[in-house]
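Some notes on the structure that comes next.
Each value in this text was obtained by applying a stated rule to the coordinates, not by laboratory testing. Computed from a predicted structure; not experimentally measured. With ideal geometry, Cβ positions are generated from the backbone for all residues, glycine too; neighbour counts draw on all protein chains shown.
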Amino acid sequence: MKKMLFSVLLLLFLCGCSSNHFDQKTWFNEPEKRNSMVHSLLKQFELIGMTETEIIDLLGEPAQKVDEPSRQYVYYLGRAGLGVDDRLLRLHFNKEGGIESHEVTND
């Protein structure tokens, strides 16, 4: 009986965690939920080497495109910490137009 109760509780816990899974529709329509999905996104997709077109197809238009000091796409993930800063996903492009690195920052 205890094993069954433990199994049910474990299953409920794991089901509750699935809401953090990257979902493209949620990413597009609910930007405030992006922060909870970003780690799943980075695990699920190999962003390094993806082109600008592939990134836009996956994530939509970025909130900001930066050209200096290097080409970057910046995606808003939501509020960080106590709500003072924005949490951002920064995608850095190489000269050939592919992603060379990415980082999550609080600005």
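Amide H contacts of Arg79 (H built 1.01 Å from N, in plane; Pro and chain starts excluded): Arg87 sit under 5 Å, all sequence-distant by 5 or more or on other chains. Taking label points 7 Å from Cα along the Cα-to-Cβ direction, Glu46 and Leu82 give a separation of 4.3 nm. Near Gly78, once Lys and Arg are set to +1 and Asp and Glu to -1 for all other residues with Cβ below 14 Å from its Cβ, the sum equals -1. Checking every one of the trypsin sites (Lys or Arg not before Pro) in region 31-107 against DSSP loop status and a limit of 10 other Cβ atoms within 10 Å picks out Lys95.
A simple charge model with +1 on the Cβ of Lys and Arg, -1 on the Cβ of Asp and Glu and nothing else charged puts the dipole of region 28-107 at about 240 debye relative to its Cα centre. In order along region 31-43, the phi-based Karplus estimate (6.51 cos²θ - 1.76 cosθ + 1.60, θ = phi - 60°) of 3J(HN,Hα) comes to x, 5, 8, 4, 4, 6, 9, 4, 5, 5, 4, 5, 7 Hz; Gly and Pro are listed as x.
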